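Reading through the structure tokens given below for one structure.
The values are calculated or read from the model by the stated rules, or taken from the named source; none is laboratory data. No experiment lies behind these values; they were computed from the predicted model shown. Cβ placement follows ideal geometry from the backbone for every residue including glycine, while neighbour counts extend to all protein chains displayed.
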Amino acid sequence: MARLALTVSYVGTRLAGWQIQARTDRPQPRTVQGELERIAERIVGAPVRLHGAGRTDSGVHAEAQVAHMDVPDHRADLDWQRAFNAGLPDDIAVAAVVRVPDDFHARFDARGKTYTYRLWPERRWTPPRLAPFAWATGPLDLEAMDAAAAHLHGMHDFASFQNTGTDIVTTIRTVTRVARRHEGEAPVQPALPGAQPLAGSDDAVNAMARDLRVIAWDFEADGFLKQMVRNMMGLLVAVGRGKLPPDAVPAILAARDRKVAPATAPAHGLTLTNVHY
């Protein structure tokens, strides 16, 4: 047998996450693992199991998910990338397939991951091309969010940021980076001659010079708990909206209780951007 590693990109909007779900009461929902295994089995002529680096949830996207599979030696030199992409739906694509040592494991050999969460600082409208990939939060106090994010760096018990549903040994993780950046250019705001805000409208919403770029938050750690990134993002947005002060974060961490932290951020703003080996 030969072990192959895949790098996979996908738009999670119409997918029920990475992992195949064991259901007998209704048809299996579409998953990334299920779509890939369907094609691999057809090529090999027998069931093929893929092991992913992480189990992205329903609605979450990926730019560089990593997975491995074992195939018969006589199939190792097939153009697997082309074979996969010829049969995959348009919301999944294989970026690369390489042969790796027989003891390589996509999940257990990973030293860490980077996720990116995208925010759109407006509520009244979102550019359609961004809507599936960014949470429309409205204006945010970014400096307050920076101050709150600083408390998340380092080794902590992140039990307050873990949703239930996964068996784990420990809730201690080391976060090496929580940082924001802007993506793209501000949308073109034409200067219309004689334009006046409508009566009763929000002048700030109509301001021509307002900076409306995507705010991307990068989260890097040695590992993440179930929905940990989305829970950290929910916390930072609550701070950015003035619902919590930045210095509330240490007490939330110390509580080790999910009920004391703000609500989970929506899935569609999250993308797995890198797996580190």
> Of the residues that sit in segment 20-48 and are over 16 Å from P89 (Cβ atoms) and touching a helix residue (DSSP H, G or I) at 6+ places or on another chain (Cβ under 7 Å), which one is surrounded by the fewest Cβ atoms within 10 Å (Cβ to Cβ)?
Replying inline: P47
> Can you find even one residue in segment 75-84 that is modelled with pLDDT under 95 and surrounded by fewer than 13 Cβ atoms within 10 Å (Cβ to Cβ)?
Replying inline: yes
>> I need the full set of residues from segment 24-53 which are of a type in the set (S, T, Y) and at pLDDT below 95, in order please.
In response: T24
> Could you list, in sequence order, the residues of segment 98-149 that are free of Cβ contacts under 8 Å to residues at least 24 places away in the same chain and either among the hydrophobic types (A, V, I, L, M, F, W, C) or not in a loop (DSSP other than H, G, I, E, B) (or both)?
Replying inline: F108, W125, A131, A136, E143
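So that you can scan it fast, the table gives a plain yes or no per residue for (1) part of a helix (DSSP H, G or I); (2) at pLDDT 95 or above; (3) crowded, with 20+ Cβ neighbours inside 10 Å:
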position	(1), (2), (3)
F219	no, yes, yes
F224	no, yes, yes
N231	yes, yes, yes
V237	yes, yes, yes
G242	no, yes, no
A251	yes, yes, no
A254	yes, yes, no
T264	no, yes, no
T271	no, yes, yes
> Can we say V66 is touching a Ser or Thr at 6+ places or on another chain (Cβ under 7 Å) and β-branched (V, I, T)?
Replying inline: yes
> Does A106 count as touching a Gly at 6+ places or on another chain (Cβ under 9 Å) and more than 30 Å from V249 (Cβ to Cβ)?
Replying inline: yes
>> Looking only at segment 115-130, how many residues end up being over 20 Å from F219 (Cα atoms) and among the aromatic types (F, W, Y)?
In response: 1
> Does R111 satisfy the condition of being of a type in the set (K, R) and either within 22 Å of V275 (Cα to Cα) or outside the structural domain of T264 (by TED's automatic domain parsing) (or both)?
Replying inline: yes
> Looking at segment 52-79, which of its residues are in contact with a helix residue (DSSP H, G or I) (Cβ under 8 Å, 6 or more places away or on another chain) and in a helix (DSSP H, G or I)?
Replying inline: R75
> Can you tell me which residues in segment 169-194 are touching a residue at least 40 places away in the same chain (Cβ under 8 Å) and either over 20 Å from the mean Cα position of the chain (by Cα) or over 20 Å from K259 (Cβ atoms) (or both)?
Replying inline: T174, V175, T176, R177, V178, E183, P187
>> Looking for something closer than 12 Å to F224 by Cβ, part of a loop (DSSP other than H, G, I, E, B) and touching a Lys or Arg at 6+ places or on another chain (Cβ under 7 Å) - is there at least one such residue anywhere in segment 171-188?
In response: no
> Right, M155: buried (at least 17 other Cβ atoms within 10 Å of the Cβ) and in the same structural domain as T271 (by TED's automatic domain parsing) or not?
Replying inline: no
